[in-house]
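For reference, the structure discussed in these notes is given below.
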Amino acid sequence: MQGRRYEGGFSFIEVLIAIVLVGIAIASLIAANSSFTKTNAAGTELSTAEFLLEQIKELTVVLPVVDPNTGMSTFGPEAGETTLADYDDLDDFDGAVFSPPINNYKATLNDFAAYTQQITVENVSATNFEQVVADHDSANPQYFFRVTVKVFYGSKQVVSADWVRASYEEP
C-alpha cells in the first residue's frame, strides 16, 4: 500500500494558507471600519459646529448694530446688560463666549455642552473690511462691523467664519 495518496481532501498547507487569507481579510475589514468610524465622527463634529455657527449668525443678523435705546455703539454689553436676555444689539456680543452654546433665540443648548462659541465684533474700514479701526472713533466714525465666530469642540477649533454688517444709523 505504499504510494497510495488521498486525493479527496485538503492538505495541511492548503488549510493554513486559507486561514491566513481569511485572517488578512478580517483585519482589513476591521481597519476599514475603524477608519469609517473616525471619518463619521469628524463629519458629525463639523456639521454640529457649522450648525452652532449658523445659530449665532441668525441671532446677530436681526439685531441692530448700535444700542436701540442710547444710539451709542459700546463694544461689549452696556451698563445694566448683565444677562444674555439683556443683549439688544450686535456690539453687545463682542468678546462673548458661550459654553454650552446658544441658539438663535438665546436659549442654551445643553445637549452640545462640549462645544463653545466665541464671538468678536470689530469696527472695520469702509474701504478695506480686513482693516480693523478703533472702536468709538468719533472723529472718523465707521459704519461697518465685522462679526467673527469661532466654534470649538473641547479646546480644538472646528470652524470659524466672519461676515460684515453695515450700520445705517450714525453711531
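In region 96-137, the qualifying residues are those that are among the aliphatic types (A, V, I, L, M) and in a strand (DSSP E or B), and the one that is modelled with the lowest pLDDT is VAL132.
Annotation note: of VAL20, VAL65, the sole residue that is among the hydrophobic types (A, V, I, L, M, F, W, C) and assigned to a loop (DSSP other than H, G, I, E, B) is VAL65. Scanning region 43-83 for residues that are surrounded by 11 or more Cβ atoms within 10 Å (Cβ to Cβ) and of a type in the set (A, V, I, L, M) returns LEU46, ALA49, LEU52, LEU53, ILE56, LEU59, VAL61, LEU63, VAL65, VAL66, MET72. Close Cβ contacts (under 8 Å, 6 or more residues apart or on different chains) running from residues in region 106-118 that are free of Cβ contacts under 8 Å to residues at least 60 places away in the same chain to residues that are in a loop (DSSP other than H, G, I, E, B) and among the polar types (S, T, N, Q) comprise LEU109/ASN103; ALA113/SER99; THR116/SER99. If the condition is being among the hydroxyl-bearing types (Ser, Thr, Tyr) and either within 18 Å of GLU58 (Cα to Cα) or touching a residue at least 60 places away in the same chain (Cβ under 8 Å) (or both), then region 79-98 contributes only TYR87. Among the residues of region 48-64, those that are more than 16 Å from ALA96 (Cβ to Cβ) and within 8 Å of the chain's Cα centre (by Cα) comprise THR48, ALA49, GLU50, PHE51.
The values are calculated or read from the model by the stated rules, or taken from the named source; none is laboratory data. A quick note: this is a predicted structure, and the numbers were derived from the prediction, not measured. So basically every Cβ, Gly included, is an ideal-geometry build from the backbone, and we count neighbours across all protein chains shown.
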